[in-house]
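Structure first, then comments.
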Amino acid sequence: MDRICVKPELFVWARERAGLDRYALAASFPKLPKWESGELQPTLRQLEAFASAVHVPFGYLFLPDPPDEPLPVADFRSIAGRETARASPNLLDTLYLCQQRQEWYRDYARLAGLPALSFVGSAGIEDNPVDVAEEMRSTLAISVEERAEIPTWTAALRELVANAEDAGVLVMSSSIVGNNNRRKLQVEEFRGFALADEYAPLVFLNAADSKAALMFTLAHELAHIWLGESGVSDVTAGQVPRQRTERWCNEVAAELLVPMEELRTQFRGGEPLQESIQRLARVFKVSSLVALRRLFDGRYIDETMLWDAYRGELARVRELDRHVTRGGDFYRTLATRAGRKFACALLASTLEGQTLFRDALRLLGFRKMGALYNAARELGVTG
């Protein structure tokens, strides 16, 4: 039986890159310890199965040395107060897919004669977050009063996404890589990212998070678009990021969703803190953590009260998130995962003969032509 020569350190690199230990792979690859020590080499079929299991491009296993895989955009993440290390294959593959989608839409927009979007990169980090938030609110047609009338956080998020797409931003939201339900995205690793571009600005939201938390993440990533800076974020409402860019984007996002002037109007003196937090969260359709932080920003509570309440709210929110069910109709979910704006443009272009079917299938993660036609019908796209 022919064996394939692979350097032992590449097996170790691929396994660690996927965040797995030998025990996790022992059942499927009992000879992995010998591959890693160099005592034995795998067959072609074994190597292909291993590459698939650890989500590494097959060709990488034939490199002379483990490759360096830095994030293709700035890394603004900080978890538990520490800068993050290597990105997981799931995050990398999600980023790569979104970059491919952005590249396609950029070419589509230029060919269609769509204008460049003036708001991309229109703000600077020295600008007052209140002024930038006001400009964003105007561009995105956001009304605090109207949002207060929306019954649920899900509906409020859906409306904010629609407003962002109407303004020209591609918004994609998923809790998995592509359409692969076995490859889950972890909120502990990242909550969202922004890819700035004057023709195809793109925001991706990690939908493993709660709807209320996603509101703040979307606002935060939109601030990155206004700043003109691409990057991956770990947005944590209530905490103060170490990096200046993230602090500024948090301030803009907070003012966008919960304008201080409106907060002062809504505040009720003498109301118990917990009641106030929950009421304001309902009014502004944000998480209780955002409402709590804005009460601190408005100097209605001191730092001790903030962190005492923050720890309790964080535990409560995490417990609620454990019981959230996700999923739904595949084609309806597609409009969220790939973004309605992007999906409709791609499907229309494909049915009109401007884009190859194989490219559309790849960008949407479909394997069969029938799925593409079904998606077009469900989204109301005609050629």
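The values are calculated or read from the model by the stated rules, or taken from the named source; none is laboratory data. Keep in mind that this is a model prediction, so the values were computed, not measured. Because the Cβ atoms are built from the backbone with ideal geometry, glycine has one as well, and the counts that use them run over all protein chains shown.
Under 20 Å from F190 (Cβ atoms) and not assigned by TED's automatic domain parsing to the domain that holds T245 - does that describe any residue in the range 19-32?
Filtering the range 19-32 for residues under 20 Å from F190 (Cβ atoms) gives 19-20.
Keeping just the survivors that are not assigned by TED's automatic domain parsing to the domain that holds T245 gives 19-20.
So far as the range 19-32 goes, yes, one or more of its residues are under 20 Å from F190 (Cβ atoms) and not assigned by TED's automatic domain parsing to the domain that holds T245.
Of all residues in the range 107-121 being surrounded by fewer than 17 Cβ atoms within 10 Å (Cβ to Cβ) and assigned to a helix (DSSP H, G or I), which is nearest to the chain's Cα centre (by Cα)?
Within the range 107-121, the subset surrounded by fewer than 17 Cβ atoms within 10 Å (Cβ to Cβ) is 107, 110-116, 118, 121.
Cutting the leftovers down to assigned to a helix (DSSP H, G or I) gives us 107, 110-111.
Details: D107: 23, R110: 25, L111: 28 Å.
Applying the filter and picking the extreme gives D107.
Cβ separations smaller than 8 Å between residues 6+ apart or across chains give the following pairs from the range 132-156 residues that are among the aromatic types (F, W, Y) to residues that are surrounded by 14 or more Cβ atoms within 10 Å (Cβ to Cβ): W153/S210; W153/K211; W153/A212; W153/M215; W153/K285.
Considering only the range 34-66, state which residues are of a type in the set (A, V, I, L, M, F, W, C) and in a helix (DSSP H, G or I). First the steps, then the outcome.
Quick first cut of the range 34-66, residues of a type in the set (A, V, I, L, M, F, W, C) only: 35, 40, 44, 47, 49-51, 53-54, 56, 58, 61-63.
Those that are of a type in the set (A, V, I, L, M, F, W, C) and in a helix (DSSP H, G or I): W35, L44, L47, A49, F50, A51, A53, F58, L61, F62.
Restricting the range 222-245 to residues that are in a helix (DSSP H, G or I) and surrounded by fewer than 23 Cβ atoms within 10 Å (Cβ to Cβ) leaves a set whose member that is farthest from the chain's Cα centre (by Cα) is R244.
Filtering the range 213-247 to residues that are modelled with pLDDT of 95 or more and aromatic (F, W, Y) leaves only W226. Scanning the range 135-156 for residues that are of a type in the set (A, V, I, L, M) and either under 22 Å from the mean Cα position of the chain (by Cα) or modelled with pLDDT of 90 or more (or both) returns M136, L140, A141, I142, I150, A155, A156. Among residues that are outside the structural domain of R182 (by TED's automatic domain parsing) and either closer than 28 Å to M172 by Cα or out of contact with any Cys (no Cβ under 9 Å at 6 or more places or on another chain) (or both), E16 is included.
Contact map, the range 369-382: residues that are polar (S, T, N, Q) paired with residues that are at pLDDT below 90, Cβ distance under 9 Å, separation 6+ or inter-chain. Pairs shown: N374/F330; N374/Y331. Listed by first and then second residue, the pairs with beta-carbon distance under 9 Å, at least 6 apart or on different chains, first residue in the range 270-284 and closer than 19 Å to T154 by Cβ, second in a helix (DSSP H, G or I) and of a type in the set (V, I, T), are L280/V290; A281/V290; V283/V144; F284/V144; F284/V290.
Okay, residues lined up against (1) more than 20 Å from L157 (Cα to Cα); (2) among the aliphatic types (A, V, I, L, M); (3) free of Cβ contacts under 8 Å to residues at least 24 places away in the same chain; (4) assigned by TED's automatic domain parsing to the domain that holds V54:
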position: R191; (1), (2), (3), (4): no, no, no, no
position: D197; (1), (2), (3), (4): yes, no, no, no
position: A200; (1), (2), (3), (4): yes, yes, no, no
position: A207; (1), (2), (3), (4): no, yes, no, no
position: A212; (1), (2), (3), (4): no, yes, no, no
position: S230; (1), (2), (3), (4): yes, no, no, no
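Only a single item in (1) at pLDDT 90 or above; (2) among the aliphatic types (A, V, I, L, M); (3) touching a Lys or Arg at 6+ places or on another chain (Cβ under 8 Å) is not met by L25, and it is number (1). Within the range 205-216, restricting attention to residues that are touching a strand residue (DSSP E or B) at 6+ places or on another chain (Cβ under 6 Å) and within 17 Å of N163 (Cβ to Cβ), the residue that is surrounded by the fewest Cβ atoms within 10 Å (Cβ to Cβ) is L214.
Please find, among L320, L306, L256, the residue that is in contact with a helix residue (DSSP H, G or I) (Cβ under 6 Å, 6 or more places away or on another chain) and modelled with pLDDT under 90. Among L320, L306, L256, only L306 is in contact with a helix residue (DSSP H, G or I) (Cβ under 6 Å, 6 or more places away or on another chain) and modelled with pLDDT under 90. Which residue out of V132, V161 is part of a helix (DSSP H, G or I), of a type in the set (V, I, T) and farther than 29 Å from D93 by Cα? Of the residues listed, the single one that is part of a helix (DSSP H, G or I), of a type in the set (V, I, T) and farther than 29 Å from D93 by Cα is V132.
Could you pull out the residue among D209, D197 that is under 24 Å from V283 (Cα atoms) and in a loop (DSSP other than H, G, I, E, B)?
Numbers: D197 fails: under 24 Å from V283 (Cα atoms).
After applying the criteria, what remains is D209.
Evaluating A219 against the criteria (1) touching a Ser or Thr at 6+ places or on another chain (Cβ under 8 Å); (2) crowded, with 24+ Cβ neighbours inside 10 Å leaves one unmet condition, (1).
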